[in-house]
Amino acid sequence: MTSRRLVLTRTAAIVGAASTGLLLPQIARAQGNKVRVGLMLPYTGTFAQLGVAIENGIHMAIDEKGGKLGGREIEWFKVDDESEPAKGVENANKLVQRDKVDVLIGTVHSGVQMGIQKVVRDSGTLCIIPNAGVHAATRALCAPNVFRTSFTNSQPTLALGKVMVDKGHKKAVWITWKYAAGDEAFEGFRDSYTKAGGTIIKELGLPFPNVEFQALLTEIASLRPDAVACFFAGGGAAKFIKDYAAAGLKGKIPLYGSGFLTEGVLDAAGPAADGIITTMHYSDSLDTPRNKQFRLAYAKTFRSQPDVYAVQGYDSGQLLLQGAAAVKGDLNNKQALYKAMESAVIDSPRGRWTMSKSHNPVQDIYLRVVENKENKVIGIAAKALADSGAGCKMG
Amino acid sequence: MDLANFLIQLLNSVQYGLLLFMLAAGLTLIFGIMGVVNLAHGSFYMLGAYLAWSVSSMTGSFTLAIILGAVLSIVFGLALERLLFRHFYDRDHLSQVLLTFGLIYIFEEVRSILWGDDVHGVKIPDILSASLPLTDNLSYPVYRLFMSGVCIALAIGLYLLISKTRLGMKIRAGAFNRDMAEALGVNIKLIHAIVFAMGVALATVAGMIASPVSSVYPNMGSQVLIISFVVVVIGGIGSVRGALIAALLVGLVDTFGKVLLPQLAGMLIYMLMAAVLLWKPEGLFRQ
């Protein structure tokens, strides 16, 4: 085909498309009256349920306040990120460049989050992180337009060390998967445990997501620590809990962990999980009027029980509402918007929390023990705990 | 590491190795005899685990779940062979890889629709739920010993079937020279259907037997698939005996690697594979 014919046909196609209105709405949409909210969450794969819980939470928070942001209607855009880090940048660009969203809410997987972080740092799009705990997002790579409503990976374990030393466990073994989240959780444990006067006698690890724990459990038995602290999540966590009990270690060497060890796996783990002590920023059984009211309303709307991910989604919605209200829906007024979000006080089902300087929650970390397939709250392990935000320079 | 500890770790390695063997045996059978690369092998493991969970939680009987699951998996294997795999024997390996890769996604979605995405636990039957004390603070679950027993029984059964029975002779003949065996009156189509169903049943039963200790969760098949391939490659593609030796070797390297060289634990078995391939490019026991 000659280039002239190519030009002609393409021009004809564009004219045709424009005259039939195919292109016009896009131009109009960019300056439209609706706030464009993009959700980049996992809707398929291992984390699919987390994505759904987060989206439910966001909708619930916004619908409670009339379904608008600062008086403006909302247009939603959704992208399934599949928890696939290799597509992180591409998927984030679908929302930022193609759909021109005013705010991007996402995501669950830390690897994917790094892709989003790159895109929104370049474009300056407002980003709210409803789960992923990767340190860099609110540390070395922090940005004025990035806010997190969940936790950093080391935040739950940063409350763990002192609790263990207070209970008289002076020598501990740490065990986790050797990957970013496990290493970051270890940082929190190491800092708090050694500061409280404990000694970590051995750091055990296995490659993610290997679940053959027997060799390391044998090692733990021969090391004879006062206690074991760990970071595992999901199916591997259920298996670790059961293997720990089956090896006869349960009841002899107490098991502690970041709260994700006992989230969503207690039915699978059964009685083997009883007595495990964990630290986290939420618990389903948190006995406050605010939490009970939230749980009842959520269960009525979505016909399922909310979990920590639903709470984080709900708080993402609340944060966005407060920011939008302060600028009366004009999300382009960035300075005022960020200022409002920085100083927001979120009345969360987990308890009130505020934003740290690096845009990560300053929140209470609860001490929880597993009893009858429930994470029972037995106290507050650390009040208003903030992530260090080390290396964060907002410019 | 003192002697007692060393012996316990040795027990761990053998036990892990035997479980790997059960998975890899089906894979190596299907490849060695039929020449089909079956990437969906791990999915059968996952389906087995979910089947064990759903049947045992419905009926309360783990034994019943195993029997029912074994029968179902044979039927399932025969049906799959008849409907899909039979049409792929003459195609190249790329077509087979694409087919079985697609099957992984289909099985994952079916699993998600039928059983959801939750993590589940399967209760160990009461008679096997005890633990034997090994040291003052470490005990060994009886169920793990039971698993090893089942794997050893299967290994012996497979050996006898292939080397001592008439069916086994036909299977070997078909693998050695398909056309000649067919000319001599061996019904190769039937043999292939049987071997394929056996491979599927081995993976499914492995998933069911392992479910009480491994828990049941989405994507559990893809983890075991890779390690099964490592075992098959080290052992020599198509060799059941090679798979057994390789599985025990991988169990040993993985277990002691985790304890002695934790930094390298993730890649030790792959280094083992590379070393074996350098030394014997066809694997330890190429048929």
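A few points about this structure:
- Residues of region A:164-183 satisfying the condition of being at pLDDT 95 or above, assigned to a helix (DSSP H, G or I) and crowded, with 22+ Cβ neighbours inside 10 Å: A:MET164
- Restricting region A:247-265 to residues that are within 10 Å of chain B (Cβ to nearest Cβ) and within 24 Å of A:SER154 (Cβ to Cβ), the residue that is surrounded by the most Cβ atoms within 10 Å (Cβ to Cβ): A:VAL265
- Within region A:153-171, the presence of a residue that is among the polar types (S, T, N, Q) and closer than 27 Å to A:LYS334 by Cα is excluded.
- Checked against (1) more than 24 Å from the chain's Cα centre (by Cα); (2) more than 30 Å from A:ILE253 (Cβ to Cβ); (3) within 14 Å of chain A (Cβ to nearest Cβ), B:ALA183 meets all criteria but (3).
- Candidate set from region A:343-356 (those that are more than 18 Å from the chain's Cα centre (by Cα) and surrounded by fewer than 18 Cβ atoms within 10 Å (Cβ to Cβ)); member that is farthest from A:ALA159 (Cα to Cα): A:SER343
- Within region B:104-141, tally of residues that are more than 7 Å from every other protein chain (Cβ to nearest Cβ) and among the hydroxyl-bearing types (Ser, Thr, Tyr): 4
- Checking every residue in region A:278-292 against the condition of being among the aliphatic types (A, V, I, L, M), touching a residue at least 24 places away in the same chain (Cβ under 8 Å), away from chain B (no Cβ under 14 Å) and surrounded by 16 or more Cβ atoms within 10 Å (Cβ to Cβ) gives at least one match.
- Hits in region B:34-55 - residues which are over 16 Å from the mean Cα position of the chain (by Cα) and either modelled with pLDDT under 90 or within 16 Å of B:LEU103 (Cα to Cα) (or both): B:MET34, B:GLY35
- You will find that of A:ASP347, A:ASP330, the residue that is assigned to a loop (DSSP other than H, G, I, E, B) and in the same structural domain as A:VAL146 (by TED's automatic domain parsing) is A:ASP330 and no other.
- Members of region A:184-204 that are within 12 Å of chain B (Cβ to nearest Cβ) and either in a helix (DSSP H, G or I) or surrounded by fewer than 22 Cβ atoms within 10 Å (Cβ to Cβ) (or both): A:LYS202, A:GLU203
- Members of region B:215-242 that are among the hydroxyl-bearing types (Ser, Thr, Tyr) and within 14 Å of the chain's Cα centre (by Cα): B:SER222, B:SER228, B:SER239
- Taking strands (runs of 3 or more DSSP E) as the structural unit, those lying wholly within region A:37-136 and holding at least 3 residues that are more than 18 Å from A:ALA324 (Cα to Cα) and free of Cβ contacts under 8 Å to residues at least 60 places away in the same chain correspond to A:74-80.
- Exactly one residue out of A:GLY205, A:GLY168 is more than 14 Å from B:GLN263 (Cα to Cα) and in the same structural domain as A:LEU261 (by TED's automatic domain parsing): that is A:GLY168.
- B:ILE66 vs. criteria closer than 21 Å to B:ILE124 by Cβ, modelled with pLDDT of 90 or more, surrounded by 18 or more Cβ atoms within 10 Å (Cβ to Cβ) and among the β-branched types (Val, Ile, Thr): yes
- Count of residues meeting criterion [assigned to a helix (DSSP H, G or I) and either buried (at least 23 other Cβ atoms within 10 Å of the Cβ) or more than 8 Å from chain A (Cβ to nearest Cβ) (or both)] in region B:214-236: 16
- Region A:227-238, subset in contact with a Gly (Cβ under 9 Å, 6 or more places away or on another chain) and within 7 Å of chain B (Cβ to nearest Cβ), residue farthest from B:GLY121 (Cα to Cα): A:GLY234
- Among the residues listed as B:ALA243, B:ALA193, the single one being surrounded by fewer than 21 Cβ atoms within 10 Å (Cβ to Cβ), small (Gly, Ala, Ser) and either more than 30 Å from A:PHE47 (Cα to Cα) or within 14 Å of chain A (Cβ to nearest Cβ) (or both): B:ALA193
- The set of residues from region A:205-226 being without any contact (Cβ under 8 Å) to a residue 40 or more places away in the chain and either more than 11 Å from chain B (Cβ to nearest Cβ) or not in a helix (DSSP H, G or I) (or both) comprises A:GLY205, A:LEU206, A:PRO207, A:PHE208, A:PRO209, A:ASN210, A:VAL211, A:GLU212, A:PHE213, A:ARG224.
The values are calculated or read from the model by the stated rules, or taken from the named source; none is laboratory data. This one's a predicted model, so the numbers in the text were calculated from it and none came from an experiment. Cβ sites come from the backbone with ideal geometry, for glycine too, and all protein chains shown count toward neighbours.
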